[in-house]
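The values are calculated or read from the model by the stated rules, or taken from the named source; none is laboratory data. Owing to the predicted nature of the structure, the values given are computational and were not obtained by experimental measurement. Don't worry about glycine lacking a Cβ; one is built from the backbone with ideal geometry, like all the others, and counts go over all protein chains shown.
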Amino acid sequence: MDIYPRGYDGFDSFPKKAVEMPPTYVLVIALGFVGVAACFWMYMGLHLVAPVPRDPRRSEKTFTTILPDGTRSEPRDLPCWIDKWSAEKEVAKRKQGTSSSTPLPDIPIDAAELFISVVVPAYNEEERLGGMLEEAVAYLQERYGDAHAGAGGKYTREEKSTGGNAGWEILIVSDGSTDKTVDTALAFAKEHQLSQHPVPVPGPRTPKPTTSTHIPHGSIRVVELEQNRGKGGAVTHGMRHVRGQYVVFADADGASRFSDLDSLVEGCRSVEDKKGRGVAIGSRAHLVGSEAVVKRSKLRNFLMHSFHLLLYLLTPRATARIKDTQCGFKLFSRSTLPFIVPYMHSEGWIFDVEMLMLAESANINMVEVAIGWKEVMGSKLNVMWDSLGMAWGLAVLRLAWGLGVYKKE
Ligand SMILES: Nc1nc2c(ncn2[C@@H]2O[C@H](COP(=O)(O)OP(=O)(O)O)[C@@H](O)[C@H]2O)c(=O)[nH]1
Ligand SMILES: [Mg+2]
């Protein structure tokens, strides 16, 4: 059937009327306005979506440990280098006045009290934490010795100068855990402090351990965040309260081979600048193609490669060159901390990238060190959602840096 009225012969039969275009300069001005408005709203929107870490609550600035008689301590004030440092910085700023454009001089932080601090972010880790701690304390005690006695371990005695610091501490930051993570940590500390031959706890690398390590009292401290913040929030909180000359963070599941810690310390020392600043990044890049990585789901590997591409495109040069930014085993020398920790924003999985970008922006040398790794059952990472979250987090982070929403002040 013919559905068009008689006489219709296509568009050409419509009356032709010339549409009058506005002059080019009007178009350019209008486009300019749209561009400026878009930037303005993006900038305002960024302020809304860019994470701003909340201040620590009173109880989060305390820790619990096991006393020499085996009882659980009352919450005690957690030593905190950053509070004193921030106050001194404020005073220096005021003295200098707002009009001065000369950069503030570096303000040093409290001196180290021991050789190494291990920060362990732990979110509902009652199952996995014990095995990780078993492996960690065996290594720490043997290598770095007893902080109380001032007696060093093998590393301190035989190998390198440690600036007079011996000993170690573990700071477990329970990230709003709702299971028995805290009790597990303190029960482990009690058993390993009181008994000369504690009952060993199986871990990912030693499913049937035969020996265990007696540890000095107070070397394991537990801090509890009132609400879950995410791995980045937990690690940053821990790093604000460390006493070590070196600081490493490690996952609670024991996925990284703890005995690779010395390689991180050595790696860091090899790149430290005159101010003693350096970062050593545990890396699993050499394992790509190996069983550990191939065993992961195809989706996880695909997302990993996409994330690498995004990182390469979005991050500045030195950070983009790091092959494995996400490894949960990174070490910082103490004098590096005030260039990174006070300026952290990311609460979730993308925090590693922010740490590296901050190090890069302060011209701190970074080195990647190959470490052993074992996928451990029970990961709470949701591959799909957390990957999307990381991509979003990275974009927000990059924009917030680029547009001056995040400042180093
Ligand atoms: N999933 C998760 N892990 C957290 C959180 N806060 C701290 N963590 C710790 O982050 C570390 C890595 O977590 P894991 O689930 O093993 O992730 P994966 O190794 O990337 O698969 C562990 O020590 C967790 O306990 C959180 O909010 N969610
Ligand atoms: Mg893990």
(message) Can you report the number of residues in the stretch 381-394 which are within 16 Å of ligand 2 (Cβ to nearest atom) and either touching a residue at least 12 places away in the same chain (Cβ under 8 Å) or in a helix (DSSP H, G or I) (or both)?
(response) 5
(message) Which residue is surrounded by the most Cβ atoms within 10 Å (Cβ to Cβ), if the candidates are limited to the stretch 85-119 and must be assigned to a loop (DSSP other than H, G, I, E, B) and acidic (Asp, Glu)?
(response) GLU113
(message) Tell me whether the stretch 320-335 contains one or more residues that are surrounded by fewer than 19 Cβ atoms within 10 Å (Cβ to Cβ), in contact (Cβ under 8 Å) with a residue 24 or more places away in the chain and more than 17 Å from VAL367 (Cβ to Cβ).
(response) no
(message) So, in the stretch 193-210, how many residues would count as being touching a helix residue (DSSP H, G or I) at 6+ places or on another chain (Cβ under 8 Å) and either more than 18 Å from ILE66 (Cα to Cα) or touching a residue at least 60 places away in the same chain (Cβ under 8 Å) (or both)?
(response) 8
(request) Name the single residue, out of those in the stretch 316-334 being among the basic types (Lys, Arg) and modelled with pLDDT of 95 or more, that is nearest to ligand 1 (Cβ to nearest atom). (result) LYS330
(message) Just to verify a result, which residue in the stretch 160-198, among those that are assigned to a loop (DSSP other than H, G, I, E, B) and modelled with pLDDT of 95 or more, is surrounded by the fewest Cβ atoms within 10 Å (Cβ to Cβ)?
(response) THR178
(message) Against the definition (more than 15 Å from TYR139 (Cβ to Cβ), within 13 Å of ligand 1 (Cβ to nearest atom) and either out of contact with any Leu (no Cβ under 8 Å at 6 or more places or on another chain) or of a type outside the set (Lys, Arg) (or both)), how does ARG277 come out, yes or no?
(response) no
(request) Determine, yes or no, whether LYS407 is exposed (fewer than 14 other Cβ atoms within 10 Å of the Cβ), within 16 Å of ligand 2 (Cβ to nearest atom) and either among the basic types (Lys, Arg) or within 30 Å of LEU104 (Cα to Cα) (or both). (result) no
(request) Report, by residue number, each residue of the stretch 174-229 that is of a type in the set (Lys, Arg) and in contact with a His (Cβ under 9 Å, 6 or more places away or on another chain). (result) ARG221, ARG229
(request) Restrict the check to the stretch 113-129 and report whether at least one residue is within 16 Å of ligand 1 (Cβ to nearest atom) and in contact with a Pro (Cβ under 7 Å, 6 or more places away or on another chain). (result) no
(request) Restricting attention to the stretch 364-374, report how many residues are surrounded by 15 or more Cβ atoms within 10 Å (Cβ to Cβ) and within 16 Å of ligand 1 (Cβ to nearest atom). (result) 3
